[in-house]
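Here's the structure, in structure tokens; my notes come after.
Where a number appears in this text, it was derived from the coordinates with a stated rule and is not lab data. In this text the structure is predicted, and so the values were computed from the model without any measurement. We place every Cβ from the backbone using ideal geometry, glycine too, and count neighbours over all the protein chains shown.
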Ligand SMILES: Nc1nc2c(ncn2[C@@H]2O[C@H](COP(=O)(O)OP(=O)(O)O)[C@@H](O)[C@H]2O)c(=O)[nH]1
Ligand SMILES: [Mg+2]
């Protein structure tokens, strides 16, 4: 299976080089596509240098910060224009363990969406504040309870997709711009009848740089779930 790993970045200049080394150590054959939104800290320049000395590493530059969801949509389009079999997604800040990519790939042998979960047996969160834990778990319970979709971690961002499914889904209708993109993609895959599966992951709070979580992102997630419930057949 030929894999492309998407990594959206906004101000991640300290993380991208060590992260690339770790990904390559665990998955030497996986291509990488960074999607950088004109990071003011110069992440884009670091990535351009890196892409010159690393085969199979590519960079998509966007002018300004447009949100995680739109970055992933641009990455999906890039992947589908090429001959990849699967598209993998992870954060740039080491919260997702590159060592777990092998598990994601093996899960994708038997499903169309392999979703990392912090909230199933074996899953874990390390070093998060109580506030972040409550926010995340609250969002998970809210989204799951209202939509009834069978994911223990609807907002999790460590996910792998088969390109065959991505090609068939109407991604142009995916509207979420921020982190709620994760909820919307899981919901769409499940509602469309594809094989989805969760596997446990350990999520560790970032070591370098800052979180881009904001109140706007939370509000978008609250509204999105209501829209998903309204539009889904009962
Ligand atoms: N390209 C792009 N990446 C983003 C944007 N917002 C967040 N990211 C990236 O998305 C990932 C998750 O963001 P992060 O701030 O770590 O969120 P948290 O883990 O929920 O606190 C990181 O790799 C960020 O650099 C954005 O607007 N555009
Ligand atoms: Mg993070």
Assuming 0.36 nm per residue, please report the length gained on full extension of the stretch residue 214 to residue 133 beyond their Cα-Cα distance.
27.7 nm
Express in nm, to one decimal, how much length is gained between residue 230 and residue 207 on full extension, taking 0.36 nm for each residue of separation and deducting their alpha carbon distance.
4.3 nm
Using 0.36 nm per residue, how much length does the chain from residue 103 to residue 21 gain when fully extended, once their Cα-Cα distance is taken away?
27.7 nm
With an 8 Å cut-off on Cα pairs and a minimum separation of 6 or more residues, tell me the relative contact order of segment 3-231 in percent.
25
For helix 181-191, what angle does its Cα long axis make with the longest principal axis of the chain, in degrees from 0 to 90 and rounded to 10?
60
How large is log10 of I(q)/I(0) for the chain at q = 0.09, 0.14 Å⁻¹ when the intensity is taken from the Debye formula with one equal scatterer per alpha-carbon?
-0.33, -0.86
Cα-based helix-to-principal-axis angle, 130-147 vs the chain, degrees rounded to 10:
50
Say each of residue 126 and residue 82 gets a label point 7 Å from the Cα, pointing the same way as Cα to Cβ; how far apart are those two points in nm?
3.1
May I ask you to derive the FRET efficiency for residue 49 and residue 168 from their Cβ-Cβ distance with R0 = 35 Å, giving the value to the nearest 0.05?
0.40
Rank-order 95-108, 134-147, 30-43 by packing density, defined as the average count of other C-beta atoms within 10 Å over each peptide's residues, highest first.
30-43, 95-108, 134-147
Burial ranking of peptide ranges 21-29, 73-81 (average Cβ count within 10 Å, highest at the top)
73-81, 21-29
Pair residue 110, residue 175: separation of 7 Å Cα→Cβ label points (nm):
3.7
Calculate the translational D of segment 75-168 in whole µm² s⁻¹ from Stokes-Einstein, where the hydrodynamic radius comes from the Kirkwood formula applied to all Cα pairs, the temperature is 37 °C and the viscosity 0.692 mPa s.
225
Roughly what angle does helix 215-231 make with the longest principal axis of the chain, taking Cα atoms, 0 to 90 degrees, to the nearest 10?
50
Would you calculate the separation in nanometres between label points at residue 222 and residue 195, each defined as 7 Å from the Cα along the Cα-to-beta-carbon direction?
3.9
Can you tell me which of 164-172, 5-13 comes out highest on packing, and rank the rest after it, using the mean Cβ neighbours within 10 Å?
5-13, 164-172
